[in-house]
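The values are calculated or read from the model by the stated rules, or taken from the named source; none is laboratory data. Since the structure is predicted, the reported quantities are computational estimates derived from the model, not experimental observations. A quick note on method: Cβ atoms are made from the backbone with ideal geometry, for glycine too, and the neighbour counts reach across all protein chains shown. Side chains are part of the model used for accessible areas, which takes the heavy atoms of the whole protein and leaves out ligands, DNA and RNA. Shrake-Rupley method; radii C 1.70, N 1.55, O 1.52, S 1.80 Å.
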Amino acid sequence: MGHTAQIDKTKKDFDQDLSSVVQDQLNALKVKYLGRQGLINTLFKTLPVKDTPEIGKQINELKSLIETKIQEKEVELLSAVSTPIDVTVPGHQPPLGNLHLITQAIEEIESIFTRLGFVRRRYPEVDTDWYYAEGLNIPKDHPARDDQETFYFSENIVLTAHTSNGQLREMEYVGQPPIKMINIGKTYRRQSDASHNPMFHQFEGLVVDKHINITHLLGVTDYFVKSYFDLNRSVRLRPHHFQFTEPSFELDISCDICDGKGVLDGQKCKVCKQGWLELGGAGMVHPTVLKNGGIDPLQYSGFAFGWGVERVLMMKSDLKLPDLRYLYSDDLRYLKQF
Amino acid sequence: MDIKLTDSSIRRFLQTTISPAQLAEKMSLCGPTFDRIHKEGEDVVYEIEAITNRVDTACAFGIAREGNAVLNQMAIPCELIGNPYEQKIDLYSHLPENFRITIENQSLSPRFCAVSLKNVKIAPSEKAVSQFLNLCGERPINNAVDITNELTLLYGQPIHIFDLDKIEGKTLHLRESRKGEIITLLDNSKNKLVGGDVVIEDSRECLIDLCGIMGGKPAQVDENTKNILLITATYNPQKVRRTSLYLQKRTLAAQIFEKRPDIELCLPILSIATELFSKRCMASPSSRVFDFYPDKLPPKTIDLDLVWLDKLAGVQIERESVLDILSDLGFNGAFNGENILSCTVPSWRYHDITIREDLVEEVVRIYGYYKLPPILPCVNLKAEESNKLLLTELKTKRHLSGFGYTEVFNNSLVSGDLIEKTMLNIKDHLKLTNALSQDFEYLRTSLLPSLLTNLKNNIGKTDLPINIFELSNVYIKQAGAVLPEEQSSLSLLTSYDFLYLKGTLEALFTKLNTDLIAFMPLKAQSTLFLKEKSSQIMHQDKIIGFIGELNKNILHNLDLKVTPVVAVINLPLLISTIRPGYSYTPISPYPPLIEEITIESETQVGSLIQFIKEIDPLITQVQYLNSFRNKHSFRVVFTSHSGNLDQKTVDKIKEKILKV
């Protein structure tokens with residue numbers, strides 16, 4: 001076979017190969033002709049290139065032709081239509097676990113207060129009467145103890161029904177204001193019905209510094225309510241009484257069902273009281289409590305609040321849980337919904 | 001305490017044209033909360049929450065007094081009328097003494113007023129009176145008894161009446177009860193007293209009154225009563241509270257007396273009652289007024305610094321408003337210096353107002369909390385380290401849910417039965433003295449019993465496998481300490497197998513970036529874990545947790561048909577193994593060589609891996625593949641950082657490995 005014939009045969013073979021090539025063979029084709037041990041290089045090695053420069057020129061022309069054609073083929077194959085897959089077939093999911101609703105709520109609450117510069121704390125669930133009541137200005141035999149529904153381990157040791165024991169503990173821990181903490185923890189009360197579980201969770205805020213006033217309590221609450229619920233909500237304070245705050249308030253947030261109007265489609269709103277929902281108690285820290293925590297009430301003032309995690313969770317209107325005790329069900333058919 | 005009052009009874013004292021609904025709304029904003037409001041015929045009934053320290057608002061007049069202050073600030077026309085403190089008082093000094101009263105100790109009754117009435121005609125009350133009582137939740141009885149209940153609701157001062165002719169010797173002696181004494185009350189109940197209760201006896205030493213709570217049967221007013229002894233008094237609040245609690249007689253009177261009603265109200269109400277008795281029962285006074293009041297309340301003044309008031313409120317309140325508010329609430333204010341207002345506390349707020357903060361509350365609530373703007377405080381907190389415990393708890397929960405586990409929340413209180421069934425020692429557990437039920441009596445020392453209960457509850461409802469976890473405190477009694485240690489604990493349960501749960505933990509440890517943690521055979525017998533199928537989880541020489549199957553008797557006790565694999569981890573110990581950060585390992589530019597090697601050995605696989613790793617520094621990874629009897633296969637990765645590996649070098653190392 002003459003030199004030119006050899007080159008032509010290689011070209012012919014290539015054209016044939018190229019016509020039947022499919023996408024994933026393209027690379028092999030490249031190697032077959034253009035690779036180190038490829039047919040083009042074989043031509044260079046076997047033909048007398050040195051003696052006849054014309055042959056080298058022909059091989060080079062063939063080489064660039066092959067390169068161009070492979071490139072064109074590549075583009076052609078890429079733009080070709082692939083066989084469609086059924087995208088509606090369910091995917092292969094990794095095993096799905098679940099974070100409990102209460103964990104999710106605590107996480108969200110924590111992150112909101114962290115944005116406001118609060119430090120998260122954890123204080124004892126089992127505590128002495130001093131931190132739980134006496135030090136919070138609730139003397140023994142005080143009628144206010146009636147409302148607490150407290151579990152006792154002994155006369156002096158309680159299973160806390162509120163997170164406010166964290167107030168004195170934080171004052172002792174920090175020593176000197178400023179204080180800006182959120183204590184989220186388990187709490188317990190001797191009660192079990194549709195809106196009470198014997199175990200529940202509270203988040204307790206405490207801010208103490210010079211110049212802390214009532215508008216700051218409103219500011220923090222307003223921020224929380226707008227972040228946790230939605231931007232259209234507003235808050236209001238109503239007078240109340242707690243032994244460990246003075247003045248004391250009850251906080252309401254506007255109802256989302258009736259937009260705070262108290263009336264829905266000409267009917268009284270069933271969810272709220274005249275457009276407002278009760279969030280929980282709050283107040284300016286009582287000077288006796290500051291004193292008990294080693295802080296001079298003439299120099300410092302502060303506010304505190306303690307609200308139920310379950311309560312704010314249940315107030316999220318799309319949750320639709322009929323009964324607070326559902327939150328504590330261990331039925332996986334319930335737990336796996338969240 | 002919750003009270004029911006009618007709209008018309010409040011309007012006897014508060015003249016205003018605003019509607020009941022508006023009144024309720026305005027009052028709730030600034031004063032007592034009107035929880036519910038409903039129409040009853042021509043009238044409207046409010047359910048009002050009189051908070052513990054505001055017994056003065058537990059009556060129609062008290063509500064009206066608050067209403068007057070509130071509406072004034074809102075510029076809504078109103079007027080307070082029928083003020084009992086303006087009542088003209090006749091002491092009937094021209095009349096003789098008609099009975100004898102002795103009071104053993106003034107601490108039992110700081111004030112005791114009485115007058116006797118004659119020619120009493122007992123009959124049913126007029127319709128308006130019985131309707132009012134019914135609407136307020138009181139039962140009408142007769143015209144005499146109804147007067148006492150009506151006045152309690154109107155003015156907040158409970159009144160008691162005796163049939164004077166049934167009091168032996170017309171002599172009353174007020175004293176502390178003795179242990180074991182028995183009194184029969186108006187509700188026909190026979191009560192054995194524990195002693196220290198405030199009681200009244202007559203000259204036969206017959207108990208005729210359980211003071212502040214309920215009258216005694218022996219001197220009850222009935223349809224034949226002709227002479228009445230009318231009493232208004234105040235009693236030792238702690239004693240009343242104690243007696244009413246242990247006898248479970250939470251009468252309206254007891255709820256008022258335990259909260260210290262106004263001592264200055266006794267005489268005006270006695271006088272108003274006397275007038276009503278003449279009007280409705282045709283009675284007339286037959287004795288001079290008896291008034292035991294040895295220690296008059298000294299005046300109480302509190303200085304309010306108005307600059308400080310604005311500072312605590314966060315807004316500036318006009319002085320005129322401050323003065324108006326205080327005056328409407330009965331505080332007489334007089335300037336003592338430019339910014340200091342000396343406020344005299346009215347008798348009906350005597351025990352509740354004690355510090356300047358109390359005055360701030362009075363001024364700002366009536367001014368209107370709703371008018372205050374929300375402002376975020378700027379606080380210069382000191383920097384501090386992040387809380388590793390809280391951070392790790394959250395990360396752990398997130399990772400485990402990412403690995404397909406479902407988080408459960410169980411009650412920290414468990415039953416003694418569950419503790420015993422799971423072979424824990426009941427003595428290690430803190431026990432409630434006033435548990436609601438036996439189901440929630442002990443604070444748990446382990447999360448495992450709860451998880452086993454969760455498994456049991458779900459079998460048959462959910463398809464297996466069940467993979468659950470809980471991360472919560474357990475409560476460990478501390479010898480010599482008052483409080484238990486509240487220890488963060490992680491527990492996992494799978495219905496799958498040991499390696500699955502072990503793999504989960506290994507993945508968790510990797511994600512948490514812990515130091516090397518090893519799974520070693522259980523060293524000692526355990527009441528919980530089945531020794532042959534369990535492991536202790538070790539960091540260096542510390543046990544940080546356990547994993548494995550439970551002893552058969554526990555599964556039997558709980559009647560569990562599935563054999564779960566469980567793990568418990570002490571979280572603070574786990575956290576102590578977490579590395580402070582990541583450190584970078586350089587990646588070799590040279591390709592690794594990978595060999596599959598099978599070793600025949602009786603040694604445990606963990607030790608084999610460890611052995612292979614230590615043979616040569618070129619061995620960078622040992623991956624376990626599988627075992628057949630005592631033949632164990634591994635995938636061993638050889639990497640060099642200094643050049644291309646040649647097969648000869650690798651083969652030499654391989655030989656060493658096979659010589660195990």
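An ellipsoid equivalent to the protein assembly as shown, defined through the eigenvalues of its Cα gyration tensor, has semi-axes of 81, 35, 26 Å when rounded to whole angstrom and sorted largest first. Exposed loop sites were defined as trypsin sites (Lys or Arg not before Pro) in DSSP loop states (anything but H, G, I, E or B) carrying at most 14 other C-beta atoms within 10 Å; in chain A the longest segment without such a site runs A:51-139.
Within 10 Å of each Cβ in B:472-485, how many Cβ atoms from other chains are there, averaged over the peptide?
Details: counts 1, 6, 0, 5, 0, 0, 0, 0, 0, 0, 6, 8, 5, 2.
Partner Cβ neighbours, averaged per residue: 2.
Based on DSSP, what percent of beta bridges with both residues in chain B are antiparallel, to the nearest 5?
Details: 106 of 113 bridges.
Rounded to the nearest five, the antiparallel share is 95 percent.
Peptide B:351-361 has a mean shielding of 4, counted as Cβ atoms of other protein chains within 10 Å of each residue's Cβ.
Relative to the longest principal axis of the Cα atoms of chain A, the long axis of helix A:214-228 lies at roughly 40 degrees.
With the Cα gyration tensor of segment B:85-197 giving a ≥ b ≥ c as the square roots of its eigenvalues, does the rule (a/c under 1.5 for rounded; else a/b larger than b/c for prolate; else oblate) give rounded, prolate or oblate?
oblate
Assuming a ≥ b ≥ c are the square roots of the Cα gyration tensor eigenvalues, decide whether segment B:200-306 counts as rounded (a/c under 1.5), prolate (otherwise, with a/b larger than b/c) or oblate.
oblate
Close amide H contacts of B:Asn473 (hydrogens built in the peptide plane, cut-off under 5 Å, sequence separation of 5 or more or a different chain): B:Ser489. Karplus-derived 3J(HN,Hα) values for segment B:23-34, using 6.51 cos²θ - 1.76 cosθ + 1.60 with θ = phi - 60°, are 4, 4, 5, 5, 5, 5, 5, 10, x, x, 7, 8 Hz; glycine and proline are entered as x. Phi angles of segment B:638-651 translate, via the Karplus equation with coefficients 6.51, -1.76, 1.60 and θ = phi - 60°, into HN-Hα couplings of 10, 9, 10, 9, 10, x, 5, 7, 9, 4, 4, 4, 5, 4 Hz per residue; Gly and Pro are given as x.
Estimated from the Cβ-Cβ distance and a Förster radius of 30 angstrom, the FRET efficiency linking A:Thr114 and B:Ser437 is about 0.20.
Which sequence of B:Thr392, A:Thr46 reflects their accessible areas, 1.4 Å probe, from the largest down?
A:Thr46, B:Thr392
Would you mind classifying segment B:561-623 by shape? Square roots of the alpha carbon gyration tensor eigenvalues, ordered a ≥ b ≥ c; an a/c under 1.5 is rounded, otherwise it is prolate if a/b is larger than b/c and oblate if not. It would help to have the intermediate numbers written out before the result.
Numbers: a/c = 2.55, a/b = 1.27, b/c = 2.02.
Judged from the Cα gyration tensor, segment B:561-623 comes out oblate (a/c at least 1.5, b/c at or above a/b).
Note on B:Asp541/B:Asp463: beta-carbon distance plugged into 1/(1 + (r/R0)^6) with R0 of 56 Å gives a FRET efficiency of 0.85. Per-residue SASA remark: A:Trp307, around 0 Å² accessible (1.4 Å probe; ligands, DNA and RNA not included). Using the Cβ-Cβ distance between B:Tyr624 and B:Asn332 with R0 set to 60 Å, the FRET efficiency from 1/(1 + (r/R0)^6) comes to roughly 0.10. Taking a virtual spin label 7 Å from the Cα of B:Met520 along the C-beta vector, which residues in segment B:538-582 bring their backbone nitrogen under 20 Å of it? Residues passing the 20 Å test: B:538-549, B:567-578.
log10 I(q)/I(0), Debye, Cα-only chain B, no solvent, q = 0.05, 0.09, 0.12 Å⁻¹? The calculated log intensity ratios at q = 0.05, 0.09, 0.12 Å⁻¹ are -0.48, -0.91, -1.18.
Provide the gained length on full extension for the span B:Lys190 to B:Tyr500, in nm with one decimal, where the gain is 0.36 nm per separating residue minus the Cα-Cα distance.
Details: separation 310, 0.36 × 310 = 111.60 nm, distance 6.78 nm.
Extending this stretch completely gives an extra 104.8 nm.
Largest to smallest in accessible area, the residues B:His94, A:His162 fall in the order B:His94, A:His162 (1.4 Å probe, all protein chains included). By the rule of a C-alpha distance below 22 Å, with chain neighbours fewer than 8 residues away ignored, the lysines paired with A:Lys11 are A:Lys30, A:Lys32, A:Lys45, A:Lys50, A:Lys57, A:Lys63, A:Lys69, A:Lys73.
Expressed as a fraction of 2.2 N^0.38 Å, the rule-of-thumb size for a compact globular protein of N residues, what is the C-alpha radius of gyration of segment B:170-244? Mind dumping the intermediate values first?
Values: Rg = 12.1 Å, N = 75, 2.2 N^0.38 = 11.3 Å.
Dividing the Cα radius of gyration by 2.2 N^0.38 Å gives 1.06.
Over chain A, dividing the summed -39,500 (n - 2.57) contributions of all DSSP H runs of at least 4 residues by the number of residues returns a 222 nm mean residue ellipticity of -11000 deg cm²/dmol.
In this structure the amide hydrogen of B:Leu14, modeled in the peptide plane, comes within under 5 Å of the amide hydrogens of B:Ile81, none closer than 5 places in sequence on its chain. Close amide H pairs (under 5 Å, H built 1.01 Å from N) link B:Leu341 with B:Leu304, B:Asp305, B:Leu306, B:Asn336, residues at least 5 positions away or on another chain. Across peptide B:308-319, the mean count of Cβ atoms from other chains lying within 10 Å of each residue's own Cβ comes to 3. Compared with the dominant principal axis of the Cα atoms in chain B, helix B:605-615 is inclined by about 60°.
Would you check the accessible area of B:Cys78, probe 1.4 Å, heavy atoms only, in square angstrom rounded to 10? Answer for B:Cys78: close to 30 Å² accessible. Note that segment B:102-119 has calculated 3J(HN,Hα) couplings of 10, 10, 4, 8, 5, 5, 6, 8, x, 9, 9, 10, 8, 8, 9, 10, 10, 6 Hz, one per residue in order, obtained from phi through the Karplus relation 6.51 cos²θ - 1.76 cosθ + 1.60 (θ = phi - 60°); glycine and proline are x.
Rounded to the nearest 5, what % of DSSP beta bridges with both residues in the protein assembly as shown are antiparallel? That works out to approximately 95 percent antiparallel.
Axis angle, to the nearest 10 degrees, between helix B:388-402 and the longest C-alpha principal axis of chain B: 70 degrees.
Per the helix-only calculation at 222 nm, which mean residue ellipticity applies to chain B, given -39500 (n - 2.57) for every DSSP H run of n ≥ 4 and division by its residues, nearest 500 deg cm²/dmol?
On the way: 19 runs with 195 residues, N = 660.
Helices in chain B give a 222 nm mean residue ellipticity of -8500 deg cm²/dmol.
Would any residue of segment A:39-59 have its amide N under 19 Å from a label point 7 Å out along Cα→Cβ of A:Thr4? List them or say none. The answer is A:43-44, A:47-59.
Among B:Glu47, B:Glu357, what's the order by accessible area (1.4 angstrom probe), most exposed first?
B:Glu47, B:Glu357
Along the positive direction of the dipole of segment B:354-427 (beta-carbon charges: Lys, Arg +1; Asp, Glu -1; about the Cα centre), which of B:Leu394, B:Tyr367, B:Val414 reaches farthest? Farthest towards the positive end: B:Leu394.
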